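Q: Encoded as structure tokens, here's the structure I'll be asking about.
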Amino acid sequence: MGLIAAARKGAIVDAAFVREWIAKVSQSMQEQREYLTQLDAAIGDADHGVNMNRGFSAVMEKLGGVESEDPGEILTVVGSTLISKVGGAAGPLYGSAFRQAGKALGDGSELDPSRLLVALRAGLEAMQKLGAAQVGDKTIVDAFVPALDAWQKELDAGGSPGSITTRAREAAEEGMRSTVPLQARKGRASYLGPRSVGHQDPGATSTALIFAALERVAGSS
Ligand code: ADP
Ligand code: MG
């Protein structure tokens, strides 16, 4: 059994799993570039899809030259690359989240959904430290927080990596949709005041895509 097959079958998340996740995120950002950019055109400056696609293309290029079998190190590289390659708010925000998640994983080639959750929580914390957004501010945080809460709940219920990541993706999408009626209180969209109401937040949407990619990697376990 190959490494990826092993990751899918059991509760093991290794470097191959993380690489496949990031490759799927990159593919999704490419496919959804126009969609994300259109969402940003309504309440921002029409570059979120371009930013995310550029960032994850750079990440894929960078990872091609990284031989590490350490999932934490791979995530750290993802974060640092996003920080250095993406202009706009989302680059540093996602970048610090991935970087901190990588650091929180620490050494070791294998991890399970509970360790990955701890790392993602550290990532969310870093993002909130940098951006100071809370749930309800119409940002990435509105999808990220419910996704991790759902992850925890399904983990506690004894779920598999597949069911855990499915619940997380569903909650991220619900959080994404919940941004529509909100008025933005952080980021560029907040400059619009009440005119930001009635539009789905681009960053919450890219977060839902990131969790959807994770579900597709873990999904068959
Ligand atoms: P910019 O706003 O600089 O053009 P992007 O268009 O790439 O950057 O990203 C916009 C997204 O960034 C928003 O839709 C929002 O979800 C997210 N965002 C902005 N500010 C914050 C913040 N302080 N915390 C979390 N997410 C934020
Ligand atoms: Mg923008």
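Q: Quick one: grab the alpha carbon gyration tensor of the chain, order the square roots of its eigenvalues as a ≥ b ≥ c, and give me rounded if a/c is under 1.5, else prolate or oblate depending on whether a/b is larger than b/c. Can you show the working numbers first?
A: Numbers: a/c = 1.86, a/b = 1.45, b/c = 1.28.
In terms of gyration-tensor shape, prolate.
Q: Tell me the angle of helix 141-156 to the major Cα principal axis of the chain, expressed in degrees between 0 and 90 and rounded to the nearest ten.
A: That works out to roughly 30 degrees.
Q: Quick check for me: using +1 on Lys/Arg Cβ and -1 on Asp/Glu Cβ, what's the dipole size of segment 44-162 about its Cα centre, in debye to the nearest 20? Show your work: numbers first, answer last.
A: On the way: 10 positive and 16 negative charges, 74 e Å.
So the magnitude is around 360 debye.
Q: Show me 175-181, 58-64 ranked by packing, highest mean number of other Cβ atoms within 10 Å first.
A: Final packing ranking: 175-181, 58-64.
Q: About its Cα centre, what dipole magnitude does the chain give when the only charges are +1 on Lys and Arg Cβ and -1 on Asp and Glu Cβ, stated in debye to the nearest 20? The partial results should precede the final answer.
A: Working: 23 positive and 26 negative charges, 91 e Å.
Dipole of the chain, to the nearest 20 debye: 440 debye.
Q: Who wins for biggest fluctuation among R33, R167, R115 in a Gaussian network model of the chain, springs between alpha carbons below 10 Å?
A: Comparing R33, R167, R115 in a Gaussian network model of the chain, the most mobile one is R115.
Q: Any idea of E20's accessible area? Nearest 10 Å², probe 1.4 Å.
A: For E20, solvent-accessible area is about 30 Å².
Q: Kindly identify segment 100-148 as rounded, prolate or oblate by the Cα gyration tensor criterion: order the square roots of the eigenvalues as a ≥ b ≥ c, call it rounded if a/c is under 1.5, otherwise compare a/b with b/c, prolate if a/b is larger, else oblate.
A: Details: a/c = 4.42, a/b = 1.99, b/c = 2.22.
Verdict is oblate for segment 100-148.
Q: Here's a follow-up. Set the Förster radius R0 to 45 Å, insert the Cβ-Cβ distance between V180 and S68 as r into 1/(1 + (r/R0)^6), and round the FRET efficiency to 0.05. Please list the in-between numbers first.
A: Values: r = 40 Å, r/R0 = 0.89.
Efficiency, from the Cβ-Cβ distance: 0.65.
The values are calculated or read from the model by the stated rules, or taken from the named source; none is laboratory data. What you are looking at is a predicted structure, and each value in this text was computed from that prediction instead of being measured. Glycine also receives a Cβ, built like all others from the backbone with ideal geometry; neighbour counts cover every protein chain displayed. Quick note on the areas: whole protein, heavy atoms, side chains included, nothing else; ligands and nucleic acids left out. Shrake-Rupley method; radii C 1.70, N 1.55, O 1.52, S 1.80 Å.
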